[in-house]
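Everything below concerns the one structure shown next.
Nothing in this text is a laboratory measurement; each read-out follows from the coordinates by a stated rule. Since we're looking at a predicted model, the values are computed, not measured. When we count neighbours, we look across all protein chains shown, and the Cβ atoms used for this are built from the backbone with ideal geometry, even at glycine.
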Amino acid sequence: MDPPRCIVVSPIIASFVPFLLLVFSSSVVILASAGGGGGGGNGTAAPFRSAEELLRFQRIKARLARTRDASVKTIQSPDGDVIDCVPTHLQPAFEHPKLRGHKPEREPAERPRSCGGRAGADGRDDEEALPQAWRRSGESCPEGTIPVRRTTEADVLRASSVARFGMKARGAGGGGFARRDSTGSGHEHAVGYVSGGQFYGAKASLNVWPAQVASPAEFSLSQIWVISGAFGNDLNTIEAGWQVSPQLYGDNNPRFFTYWTDDAYRETGCYNLHCSGFVQTSSRVAIGAAISPASSYGGRQFDIAVLIWKDPRRGHWWLQLGSGGALVGYWPSSLFTHLGSRADMVQFGGEVVNARPAGAPHTPTQMGSGRFPGEGYARAAYFRNLQVVDWDNSLVPAAGLRLLADRPGCYDIAGGSGGAWGTYFYYGGPGRNARCP
């Protein structure tokens, strides 16, 4: 089907929201008071499996306190979030041992070229590129600071494992979450991917939906994955998109997110700014904050354009939203092994966690809009204008795109090409239904 024209609120996305689905057998429980830190922490009894996990919790509390104390301005978002304006040089990134003494870069040395010249020249600003609920307050962070969504102790204690708060759960085989054969870990995908070449970035526009998530232990996301290495212990990924994750955020709002790892989700990397690594440069985009408005069934469609690319001169992986060049920040090349040079796979699409035990009915958690691809525009979720960055730092169509759905009766995918949408696909589904009992 030919995709019609849509209303574009331009860019973002990709990735996904793996939750910490660890099953604990015999475990030690240590009770600790979760006070302070804002929101939901008064006298809550927090179970810890070991003294080591309790120590991890205390370190997280100390890091959260450092970020909060560094704030020069606090903004109350209409959706209940608190945004701290933190001086750029005091952001969490620089606690990483490889980034101590690192001087933040304001701009990449070079941006990808497109058929129209530079990647994005329509003059859109970052607010149009990513409309977020906190900006509706009318407040903004001053130049020289970055907006950081405040993480509370209650957020930490919702995690299935405090030791892995802000990180994706480890699946069978290590790097299952970016893999196309990962149904055994409860992660179900409907994706398009290109592989077998040398890639230096990716770009796509995807529409944002308030996907319904049935359980706090589950999530739904749509994202871009930039991947290199083996699907074992040394997988490198960079990810960005939108996700609905009640466990990570405490609500069901679609939110802009990022993720990275350089060891197949084992010990390194995290969502958003929950660990050191990603260097944010934007004073107007809050990573982890809600996206508003979102698309509605049969109504207006709102999409975001996300571009990830490797600066050919300095080597860092930059994140840009929209077509107007709204930079969010970058992943320094020193964080990675394989991605230090290039990617060998790019993946676009949706992912859902089905936390139901074997033999139980499938989860009704939605992917995308919760509708199958055949319903088309204004009803099904889509990715459009899929591109990759080639060796010459040029944006080119994602040639040879392969489509794959782990469980097409639950979540499916169907693609096409041509017209203003270039290479595109519709994807998603309702989860449990007559075809997916």
> Using modelled backbone amide H atoms (1.01 Å from N, in-plane), which distant-in-sequence or interchain residues come within less than 5 Å of ARG356's amide H?
Replying inline: THR363
> What are the ³J(HN,Hα) values, in whole Hz, obtained from phi via the Karplus relation 6.51 cos²θ - 1.76 cosθ + 1.60 with θ = phi - 60°, for each residue of segment 383-390 in sequence order, with x given for Gly and Pro?
Replying inline: 10, 9, 6, 6, 9, 10, 9, 8
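So how much slack lies between LEU55 and ARG106, counting 0.36 nm per residue of separation and subtracting their Cα-Cα distance, in nm?
Between LEU55 and ARG106, full extension yields 14.8 nm more.
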> Using modelled backbone amide H atoms (1.01 Å from N, in-plane), which distant-in-sequence or interchain residues come within less than 5 Å of SER114's amide H?
Replying inline: ALA119, LEU395
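With +1 on each Lys and Arg Cβ and -1 on each Asp and Glu Cβ, how big is the dipole of segment 189-280 about its Cα centre, in debye rounded to the nearest 20? Don't skip to the answer; put the middle values down first.
On the way: 3 positive and 7 negative charges, 54 e Å.
With only Lys, Arg, Asp and Glu charged at Cβ, the dipole is about 260 debye.
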>> Please give the Cα centre distance for segment 323-341 versus segment 196-226, rounded to the nearest Å.
In response: 18
> Which value, in debye to the nearest 20, describes the size of the charge dipole of segment 327-437 about its Cα centre when Lys and Arg Cβ atoms bear +1, Asp and Glu Cβ atoms bear -1, and nothing else is charged?
Replying inline: 440
> Can you list the aspartates and glutamates whose alpha carbon sits under 20 Å from that of LYS61, skipping same-chain ones fewer than 8 residues off?
Replying inline: GLU52, GLU53, ASP69, ASP81, ASP84, GLU95, GLU153, ASP155, GLU267
> Which of GLY288, LEU327, THR337 sits closest to the plus end of the dipole of segment 259-362, meaning its Cα is farthest towards the positive end, when Lys and Arg get +1 and Asp and Glu get -1 on the C-beta?
Replying inline: LEU327
>> Please list, in order, the residues from segment 361-379 whose amide nitrogen is less than 11 Å from a point placed 7 Å along the Cα→Cβ vector of TYR297.
In response: 369-372, 379
>> I'd like the Karplus ³J(HN,Hα) series for segment 239-244: coefficients 6.51, -1.76, 1.60, θ = phi - 60°, whole numbers in Hz, and an x wherever there's a Gly or Pro.
In response: 9, 7, x, 10, 8, 10
> Got a sec to turn the phi values of segment 269-276 into Karplus ³J(HN,Hα) couplings, 6.51 cos²θ - 1.76 cosθ + 1.60 with θ = phi - 60°, whole Hz, x for Gly and Pro?
Replying inline: x, 5, 6, 6, 10, 6, 8, 7
> Under a plain spin-label model, where a point goes 7 Å from the Cα along Cα-to-Cβ, how far apart in nm are ARG435 and ARG63?
Replying inline: 4.2
